Amino acid sequence: MPTVVRVALPVPLPTLFDYLPPTEGELQAGSRVRVPFGRGSKVGIVVDPSATSSVAEGRLKPVTEVLDPAPLLDGELMQTLAWAADYWLAAPGEAYANALPLALREPRPWPDTREEYWQLTTAGRSALDAGSRRGASQLLLQLLADGPQRADTLAERLPAWRAAARRLAPAGLIERHTAAAVAMPVGAPLPLSVEQQQAVAAIAAERGRFQPFLLDGVTGSGKTEVYLALIEQALAEGKQSLLLVPEIGLAPQTLRRLRDRLGVAVEVLHSNLAEGERARAWLRARSGEARVIVGTRSAVFTPLPHAGLIVIDEEHDAAYKQQEGFRYHARDLALVRARALGVPIVLGSATPSLESLANVAAGRYRALALRARPAAAHAPQVQIVDVRSQHLDHGLSPALQAAVRDTVARGEQVLVFRNRRGYAPVLLCHACGWHADCPRCERPLTLHAGQRQLRCHHCDYRSKVPAACPACGAGALWPQGQGTERLEEALVALFPEVPVLRIDRETTRRRDAFEHLLDGLRTDAPAILVGTQMLAKGHDLPNLTLVAIVGVDEGLHSIDFRAGERLAQLVVQVAGRAGRAAKPGRVLLQTHHPDHPLLRSLLAHGYGAAARALLAEREQVALPPFSHQILLRADAHERAAVDAFLAAAAAALPADHALQLAGPMPAPMALRAGRHRGQLLLEASSRAQLHAVARPWQRRLGQLPTARRVRWSLDVDPIDL
Ligand code: ADP
Ligand code: ZN
Ligand code: ZN
């Protein structure tokens, strides 16, 4: 049997590929190679440089080219990735590909990883003084007026800097340097509160060992200060720290704080970054030069040869779960890495996931609490506004309007939270009851009045607003319900003297637009903000003292077993926006269900008690985290193809499987973007038992004749069913 090189290739197949060793070059696991594949070639990762193949030598082709002089992925990452592909039932090649920045998945040499600085030339100084340039070019000259600047600092201050540099450099006005890190000023740390000190001490005592911590602290309780103190300690020992955040929208504020405080370069890894920059940051982490790395989900794959600490901020956030391709969970993967690397890992949240709370209860994580808010007067007070049989003006109750009026009269700011974009969720004919549905999803279309459009929030189908009812021809089409756009209109009418700002995906398509809007609010002037989930997180607005939450009742009736947990998290996170600074905050929650047990327990006893009650319910009915799930999803243009595949899939399970099955059945959204969707849920109390059945089953699924007529996938620990 021939000795072969076993390679992971980025194709959605649950297998590795064998090649003959190259004629030239030494091979090690973790290196990239170019290999022939089909009619072309692909870049793969060597998983095993000398395996034994059962394929006849004559049928194997040799590796075309060895791309890396040394392994790109080290032993720890290779092992973790193999484990991850196996656990999440992924195509191994896709798991390895996810770990590499896009630029490194191409057969190109590594980019230059030296730090990049820019500075003015003498001609540039004259041009600046003469004011001869306009726009971004002039701004870039101004940014460089005080001396050389690092590329990442420029990117943060002036998103368009790269294009400006491309104009100014050939004109001889600015020049690029690479240099060893220049020392940056180090900010003084805040004196930590007693609780913060205790948390830092407890975590620091586990330096150099694997130990998970849940840092449970309300928003504004100073979790970030705790991370900073721990990162400082790791730096002092020459160790690397990895900080994951759920969304890059959260990162600019955090980044500024880290850079100001730590006096070292902070590398950023997220998907909005130019590919070259991302590869550079990744390689700098791999070489150990980068000591502090901040990133979103995929940054969990950053190489950490000198690991000291891993932090997952907002650990409850669903953004950590990848929902397509390689469906991994970055928090869970980070725990596996922390164990392999032998470092403490801190999961921070004001609203911990039920999974993490269960892990605390089981003794697997140690809990640390921050109860006080050091910089704020008080935790905000949450009140229920019972709107049953009240007159609502565009969805706003009289009590809520009065509270808004009082707040802006004091010169303070209000956030009206509604988790729905657009003008109205439904457009209804008053004459015949017809309503506008998405033809591809059979769900109501949302009216976007500003654009005169009807839009599907599930598939982005768009159509013009009909002038008359298409069913009966009558003219009376009424918008039903409130989206943020309609709330904005209502609030402008009610409070014409106060600026009303809508902050959602539509008004803030560009990241700098969002930052700009927020910067305008860090003042003492009154304002009313209307926003969606985007505003629920992280942003510090010192003059925001009232949060009004409307339209959360839908979450109380959802069939998704996680809806209660999500609603509690959302309410607490949104409420946390109020009273972040010295002024006390107030939160109003408008509902038709003032006696709902979840709302009652949340308001009377806080998130911790509500979460405990939710956990007890899950335990009673054996739902995760007290059981484990794998979801088989399938979709196709024809319903029959989905049904046939799922029936065959259920029949392909071993007769004695001893799992609980739900389905085959239609997905909660049975039709989406014109494709029929169905699912089959596998459940077991033991993870090992579930995987033991699922692994061979997965191979059989790929061979089913009916599999060719559908798109299908397996999701281990799915978070939306
Ligand atoms: P979290 O990450 O829990 O939301 P932060 O660390 O962002 O909390 O802290 C919230 C606010 O409190 C910030 O403005 C921060 O500067 C301030 N803060 C945190 N710790 C202290 C402290 N020990 N003394 C004074 N202010 C603090
Ligand atoms: Zn009609
Ligand atoms: Zn649709």
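Values as computed for the structure displayed
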quantity: Per-region count, region 632-660, residues charged (D, E, K, R) and within 30 Å of the chain's Cα centre (by Cα); calculated: 2
quantity: Residue within region 401-410 that is farther than 30 Å from residue 468 by Cβ, buried (at least 19 other Cβ atoms within 10 Å of the Cβ) and within 27 Å of the chain's Cα centre (by Cα) present; calculated: no
quantity: Residue 236 vs. criteria free of Cβ contacts under 8 Å to residues at least 24 places away in the same chain and more than 22 Å from the chain's Cα centre (by Cα); calculated: yes
quantity: Region 602-631, residues that are over 28 Å from the mean Cα position of the chain (by Cα) and within 27 Å of residue 370 (Cβ to Cβ); calculated: 604, 605
quantity: When residues of region 441-455 are limited to those that are out of contact with any strand residue (DSSP E or B) (no Cβ under 7 Å at 6 or more places or on another chain) and farther than 20 Å from residue 474 by Cα, the one nearest to ligand 3 (Cβ to nearest atom); calculated: 451
quantity: Condition check for residue 495: more than 16 Å from ligand 1 (Cβ to nearest atom), at pLDDT below 90 and in contact with a helix residue (DSSP H, G or I) (Cβ under 8 Å, 6 or more places away or on another chain); calculated: no
quantity: Subset of region 442-496 (residues that are under 26 Å from residue 554 (Cα atoms), hydrophobic (A, V, I, L, M, F, W, C), buried (at least 19 other Cβ atoms within 10 Å of the Cβ) and touching a Cys at 6+ places or on another chain (Cβ under 8 Å)); calculated: 445, 456, 477
quantity: Verdict on residue 680 being touching a strand residue (DSSP E or B) at 6+ places or on another chain (Cβ under 7 Å) and either surrounded by 17 or more Cβ atoms within 10 Å (Cβ to Cβ) or not aromatic (Phe, Trp, Tyr) (or both); calculated: yes
quantity: Test result for residue 277, within 19 Å of residue 343 (Cβ to Cβ), of a type in the set (D, E, K, R) and in a helix (DSSP H, G or I); calculated: no
quantity: Residue identified as outside any strand (DSSP E or B), out of contact with any helix residue (DSSP H, G or I) (no Cβ under 6 Å at 6 or more places or on another chain) and small (Gly, Ala, Ser) among 334, 372, 340; calculated: 372
quantity: Matching residues in region 118-137 - criterion: being buried (at least 16 other Cβ atoms within 10 Å of the Cβ) and within 14 Å of residue 160 (Cα to Cα); calculated: 136, 137
quantity: Residue within region 687-702 that is free of Cβ contacts under 8 Å to residues at least 60 places away in the same chain and under 27 Å from the mean Cα position of the chain (by Cα) present; calculated: yes
quantity: Options 625, 666: the member that is more than 16 Å from ligand 2 (Cβ to nearest atom) and either free of Cβ contacts under 8 Å to residues at least 40 places away in the same chain or among the charged types (D, E, K, R) (or both); calculated: 666
quantity: Region 454-485 - residue that is farther than 12 Å from residue 426 by Cα and under 29 Å from the mean Cα position of the chain (by Cα) and, of those, nearest to ligand 1 (Cβ to nearest atom); calculated: 484
quantity: Pairs with Cβ under 6 Å, 6+ apart, first in region 461-479 and free of Cβ contacts under 8 Å to residues at least 24 places away in the same chain and farther than 12 Å from residue 432 by Cβ, second away from ligand 1 (no atom under 16 Å from the Cβ) and of a type in the set (D, E, K, R); calculated: 462/455
quantity: Residue in region 653-674 that is nearest to residue 702 (Cα to Cα), counting only those that are surrounded by fewer than 16 Cβ atoms within 10 Å (Cβ to Cβ) and in contact with a helix residue (DSSP H, G or I) (Cβ under 8 Å, 6 or more places away or on another chain); calculated: 654
quantity: Selected residue (only one of 286, 364, 327 is in contact (Cβ under 8 Å) with a residue 12 or more places away in the chain, touching an Asp or Glu at 6+ places or on another chain (Cβ under 7 Å) and surrounded by fewer than 23 Cβ atoms within 10 Å (Cβ to Cβ)); calculated: 327
quantity: Some residue of region 216-235 being more than 11 Å from ligand 1 (Cβ to nearest atom), under 23 Å from residue 298 (Cβ atoms), outside any loop (DSSP other than H, G, I, E, B) and among the hydroxyl-bearing types (Ser, Thr, Tyr); calculated: no
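Rundown of residues vs (1) modelled with pLDDT of 80 or more; (2) in contact with a Gly (Cβ under 7 Å, 6 or more places away or on another chain); (3) within 16 Å of ligand 2 (Cβ to nearest atom); (4) not aliphatic (A, V, I, L, M), yes/no style:
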| residue | (1), (2), (3), (4) |
| --- | --- |
| 139 | yes, no, no, no |
| 152 | no, no, no, yes |
| 180 | no, no, no, no |
| 188 | no, no, no, no |
| 196 | yes, yes, no, yes |
| 199 | yes, no, no, no |
| 204 | yes, no, no, no |
| 215 | yes, yes, no, no |
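The values are calculated or read from the model by the stated rules, or taken from the named source; none is laboratory data. These numbers come from a predicted model, not from an experiment. Quick reminder, even Gly has a Cβ in these numbers, built from the backbone with ideal geometry, and neighbours come from all protein chains shown.
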